[in-house]
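Here is the structure we will look at.
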Amino acid sequence: MRKLAIGIAASGALALTGLVAPAASAATTPDLVFSNVTVNSGKAIVAGTSGTVKVPVTYTLTHPSDLTIDYKQTFAGVILYRGTLKSFGNTIEPDPTAPKCVITATAATTVTESCTETLFIDSSDSLFEAADATTWKAAGSYNQIDQDDDDSDGHVSFGFHTDLWGPIGSGVQIKRAAKVTADASPEPVKKGATLTVTGKLTRADWASGRYTGYVSQKATLQFRAKGASGYTTVKTVTSGTGGALRTTTKATKDGYYRYVFAGTTTTGAATAAGDYVDVR
């Protein structure tokens, strides 16, 4: 889905879907420099099918000393996008409040600030398809609005100008959240008997808003003996139809069994809750 919604102005009028109209000829492009951009502390972002993920973004902004960015009519921030600057596949914009910026240097014609902002990723509103599970780029954004919404004279006007610089920084990976379960049976079990450990590996499907089976993926079966502090790997299992996991092992002592999925380039890691088995 192509989307451009520069929402860092609190006004709903700035939540535009589709292409932004060409800027008026009177608009000018200020000389802004965005640097030292770090998204989510350099870690991948993992999003499920519900809820909101808060993503911190830090950056350095250098702008002309005579430019006022008031977050009422002029706005600056960092957005995430996939695709190209002229042809977005999707975008994620900042929280509609001003970033927290501290002046770190001043020169004859410029001011440099260290800034922190927050991106709110609501998968039901921001992520739409499997293609969104990829490396996103960051861009610096500057926006100006010129709005007259007083209709008492029978006239209203709205002008919106935006400038984007990108890609900047190293970008960030957005991944689909995964879930995995484990169930060992029979319970209780005789010592030396065969245990069957089943489970299911699923991951977020942003298009449908559900978790669906993740097939042909490796998961490790792990065991932690009663009283022990850590798990050890028993064997590796490959998920089948619908993400099903199934294997057998010999029951030797009381303890917990779980499946662990290490994740992929498009999907986050997941660990099942340990299922306790009483061996008699």
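Structure data summary
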{"quantity": "Unmet requirement for residue 187, which otherwise passes all of (1) modelled with pLDDT under 95; (2) surrounded by 14 or more Cβ atoms within 10 Å (Cβ to Cβ)", "calculated": "(2)"}
{"quantity": "Residues of the range 234-254 satisfying the condition of being surrounded by fewer than 21 Cβ atoms within 10 Å (Cβ to Cβ) and in contact (Cβ under 8 Å) with a residue 24 or more places away in the chain", "calculated": "240, 241, 242, 244, 246, 247, 248, 249, 250, 252, 253, 254"}
{"quantity": "Every residue from the range 109-148 that is in contact (Cβ under 8 Å) with a residue 40 or more places away in the chain and more than 29 Å from the chain's Cα centre (by Cα)", "calculated": "109, 110, 111, 146, 147"}
{"quantity": "Failed condition for residue 220, given (1) of a type in the set (S, T, N, Q); (2) out of contact with any strand residue (DSSP E or B) (no Cβ under 7 Å at 6 or more places or on another chain); (3) part of a strand (DSSP E or B)", "calculated": "(2)"}
{"quantity": "Residue among 75, 34 that is closer than 20 Å to residue 145 by Cα and either without any contact (Cβ under 8 Å) to a residue 12 or more places away in the chain or part of a strand (DSSP E or B) (or both)", "calculated": "75"}
{"quantity": "Residue match in the range 86-108 (condition: assigned to a strand (DSSP E or B), within 19 Å of the chain's Cα centre (by Cα), modelled with pLDDT of 95 or more and more than 22 Å from residue 177 (Cβ to Cβ))", "calculated": "no"}
{"quantity": "The range 200-217, residues that are assigned to a strand (DSSP E or B) and surrounded by fewer than 16 Cβ atoms within 10 Å (Cβ to Cβ)", "calculated": "210, 212"}
{"quantity": "Residue that is nearest to residue 119 (Cα to Cα) [pool: residues in the range 68-82 that are exposed (fewer than 15 other Cβ atoms within 10 Å of the Cβ) and either touching a strand residue (DSSP E or B) at 6+ places or on another chain (Cβ under 7 Å) or among the hydrophobic types (A, V, I, L, M, F, W, C) (or both)]", "calculated": "73"}
{"quantity": "Positions within the range 162-199 being assigned to a loop (DSSP other than H, G, I, E, B), under 25 Å from residue 270 (Cα atoms) and touching a residue at least 60 places away in the same chain (Cβ under 8 Å), in sequence order", "calculated": "177, 181, 182, 187"}
{"quantity": "Candidate set: the range 109-125, residues that are over 24 Å from residue 61 (Cβ atoms) and hydroxyl-bearing (Ser, Thr, Tyr); chosen: the one modelled with the highest pLDDT", "calculated": "123"}
{"quantity": "Single residue of the range 132-161 satisfying the filter (in contact with a helix residue (DSSP H, G or I) (Cβ under 9 Å, 6 or more places away or on another chain) and part of a strand (DSSP E or B)) that is modelled with the highest pLDDT", "calculated": "143"}
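The values are calculated or read from the model by the stated rules, or taken from the named source; none is laboratory data. Given the structure is predicted, the values throughout are model-derived calculations rather than measurements. Because the Cβ atoms are built from the backbone with ideal geometry, glycine has one as well, and the counts that use them run over all protein chains shown.
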